[in-house]
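What follows is a single structure, written as structure tokens, with notes after it.
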Amino acid sequence: MILWIKLKIYYKYKFNFIHNINISINNYYEKFKSKMLKIYIIGILIYFLIKKYNKVNIGGKMLDILNKINHPSDLNDLSIDNLEKLSEEIREVLLQKLSKNGGHFGPNFGMVEAIIAMHYVFESPKDKFVFDVSHQSYAHKILTGRKEGFIDENSYRTVSGYTNPDESEHDFFNVGHTSTSISLASGLAKARDLKKEDYNVVAVIGDGSLSGGEALEGLNFAGSELNSNFIIIVNDNQQSIAENHGGLYKNLDELRETNGQASNNLFKAMGLDYIYEADGNNIEKMIELFQKIKDIDHPIVVHINTIKGKGYKLAEENREAWHWSLPFDIETGNTTIDFGDAEDYGDLTAKFLLDKMKKDNTVVAVTPAMPMTIGFNIERRKEAGEQFVDVGIAEEHAVALVSGISKNGGKPVLGTNATFIQRSYDQISQDLCINGNPATIVLNYTSVAGLTDVTHLGIFTIAEFSNIPNLVLLAPTNKAEYFAMLDWSIEQQEHPVMILMPGNGVIDDGRVAEKDYSNIINKFKVEEKGSKVAILGLGDFYQIGEEVSKMVEEKLGFKPTLVNPRFASGVDKELLNDLKQDHDLVITLEDGILRGGFGESIASFYGDSDIKVKNYGLEKEFYDRYNPSQLLDELGITPEKIVKYIESMMK
């Protein structure tokens, strides 16, 4: 009995002790969980606070200096060492963004130190900066309150690739074309003087842009008509997109070789003061230089020598390839976008022209600083020799040049982007078309699916050029037709011709193309004969027409007529009259704005008839950074929406 009592007391004590221990452990566990939850919540808050204020790890580096910069005035308290660290951080930020998003690489990497020094010395936005093309303004944007658009991947698209007054008071013009900064800044300076105001006006222009006529006109004006503060920074990196071309670059070479002391000086000859700095990537020297010329009372050219692509070895070694880049792998430089084995019209055009050149030494390719538009890389340029001409950024000269070549028995093909040929409208009209000389102009990026920045749109091409008399404007619908038209244009001797390179990929659908267009100018081609509805699909919108035609037959039970107009510059009156017999509705599709375009000419033809016409195309608008598919859907330019419209009209 006594033993049993002792055991009971022992186990009661033991179990109570264990129970008490369990309670203590549970209490500590609950407290531990509570503390861990608090630590977790605090950690999340700290993370988002760090993210909010950009104190993030970029490429394995903390942005110790850049974190503190929210306005140019924040640079004033930084030492030279910290300014140099800032330049490294800016390059790291640019490297990370461009590797993911693509964009202008070389121009921005080469201008980091100069832009830091500009904002250190001058007082933006009181002092006004105008960047030529503005494709080298990324560091400027970072220093003027827009760094989030370069650091936070989710904010990349909040800033454009060019200066934009809608983004910041530090930007004065929305520009993306070349050779304009001196003229624009001259206007700012003239207005300042008229209003009796006092501040610095600074134009920044790359050496490649100096070959553009407007740049020379601006220099000529500044050197003779402005008698007040005006600073022109010439960023000399010995490179346009490709190599520089033009006699003025020999003078820049001479100035660099003599440390700016050459007696032959283009800028002084135009009445401008001049100063040279050989190390444009040295922040301390750039600050000293800008402090010396700040508040100067007359126009001066500040000639600086920089390294295009500085800070990224691959870009320094291959400046042409790294002028602009697609998203890429930082270690290898290889693009991360897989295009597969798809053919490219630029590459195919170069091969075609090189073959023509071998057979005929009068065939010559001409480009205004855009050799890759028609596929002429460095190797192909060397292979073509004197049968390839890069005139530099000089579209006006390029058009007049090919007019002269064709007049004297040559067979020139001018290739460039649609957005840039706008600069030569007068030469196309006057020097080429009035004279009726048989030169060929091939334009890339004419499509809504091409370049989507507001400054580089090609969607105005048809409306701009289809109304110039004598110009044959061709809109091929597939690979066979494109090369048939190009071959015909080179060999014919009667018409100036402009060919729109298709923007919807290289399509090889088996349709046979005409070989000779001389006797069928402005004659449309009926690809599928039907009734009730005629679909006129111009150029690379022909494929939309094909889809519409198939859907109409499947859904509405009748076969429409499908027409390939081929010619954007004329109207096939005979065919359009024939359509009146058994058609009630005509649909036009064009890859461009409607106002003044192909569709309106068709609608005008049918104006006094019973035929109804529906034009599909783009509005007369400066679209910017849009999604092409989304835009077409919004405008009703999808097979489904077009068929729905046709169905409503057939009731």
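The values are calculated or read from the model by the stated rules, or taken from the named source; none is laboratory data. This one's a predicted model, so the numbers in the text were calculated from it and none came from an experiment. We place every Cβ from the backbone using ideal geometry, glycine too, and count neighbours over all the protein chains shown. Quick note on the areas: whole protein, heavy atoms, side chains included, nothing else; ligands and nucleic acids left out. Shrake-Rupley method; radii C 1.70, N 1.55, O 1.52, S 1.80 Å.
Structure data summary
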{"read-out": "Selected residue [at pLDDT 60 or above, in a helix (DSSP H, G or I) and either surrounded by 13 or more Cβ atoms within 10 Å (Cβ to Cβ) or within 35 Å of the chain's Cα centre (by Cα) (or both)] from Leu86, Leu37, Leu78", "value": "Leu86"}
{"read-out": "Qualifying residue in the range 434-450 (condition: in a helix (DSSP H, G or I) and open to solvent by less than 40 Å² (accessible area, probe 1.4 Å))", "value": "no"}
{"read-out": "Subset of the range 373-420 that is part of a helix (DSSP H, G or I), aliphatic (A, V, I, L, M) and more than 17 Å from Ser240 (Cβ to Cβ) - its residue that is farthest from the chain's Cα centre (by Cα)", "value": "Ile405"}
{"read-out": "Thr362 vs. criteria farther than 29 Å from Glu386 by Cα, over 21 Å from the mean Cα position of the chain (by Cα), among the hydroxyl-bearing types (Ser, Thr, Tyr) and modelled with pLDDT of 90 or more", "value": "no"}
{"read-out": "Every residue from the range 281-301 that is in contact with a helix residue (DSSP H, G or I) (Cβ under 8 Å, 6 or more places away or on another chain) and of a type in the set (A, V, I, L, M, F, W, C)", "value": "Ile283, Met286, Ile287, Leu289, Phe290, Ile300, Val301"}
{"read-out": "All positions within the range 90-104 that are touching a strand residue (DSSP E or B) at 6+ places or on another chain (Cβ under 7 Å) and either within 11 Å of Gly311 (Cβ to Cβ) or of a type in the set (Phe, Trp, Tyr) (or both)", "value": "Glu92"}
{"read-out": "Index of the failed condition, Asp295 passing every other in (1) at pLDDT 90 or above; (2) among the acidic types (Asp, Glu); (3) open to solvent by less than 60 Å² (accessible area, probe 1.4 Å)", "value": "(3)"}
{"read-out": "Residue in the range 134-148 that is open to solvent by 20 Å² or more (accessible area, probe 1.4 Å), at pLDDT below 95, in contact with a Gly (Cβ under 9 Å, 6 or more places away or on another chain) and part of a loop (DSSP other than H, G, I, E, B) present", "value": "yes"}
{"read-out": "Residue tally, condition in contact with a strand residue (DSSP E or B) (Cβ under 9 Å, 6 or more places away or on another chain) and in a helix (DSSP H, G or I), over the range 359-371", "value": "1"}
{"read-out": "Matching strands (runs of 3 or more DSSP E) fully within the range 182-284 where at least 2 residues are acidic (Asp, Glu) and open to solvent by 20 Å² or more (accessible area, probe 1.4 Å)", "value": "273-277"}
{"read-out": "Filter result for Ala222 (more than 26 Å from Asn108 (Cα to Cα) and in contact with a strand residue (DSSP E or B) (Cβ under 7 Å, 6 or more places away or on another chain))", "value": "yes"}
{"read-out": "All positions within the range 152-181 that are of a type in the set (Ser, Thr, Tyr) and in a loop (DSSP other than H, G, I, E, B)", "value": "Ser160, Tyr162, Thr163, Ser168, Thr178, Ser179, Thr180"}
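Condition check ((1) of a type in the set (Phe, Trp, Tyr); (2) over 18 Å from Gly530 (Cβ atoms); (3) free of Cβ contacts under 8 Å to residues at least 24 places away in the same chain) across all residues:
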| residue | (1), (2), (3) |
| --- | --- |
| Leu576 | no, no, no |
| Lys580 | no, no, no |
| Ile587 | no, no, no |
| Ser604 | no, yes, yes |
| Phe622 | yes, yes, no |
| Arg625 | no, yes, no |
| Leu631 | no, yes, no |
| Ser648 | no, yes, yes |
| Lys651 | no, yes, yes |
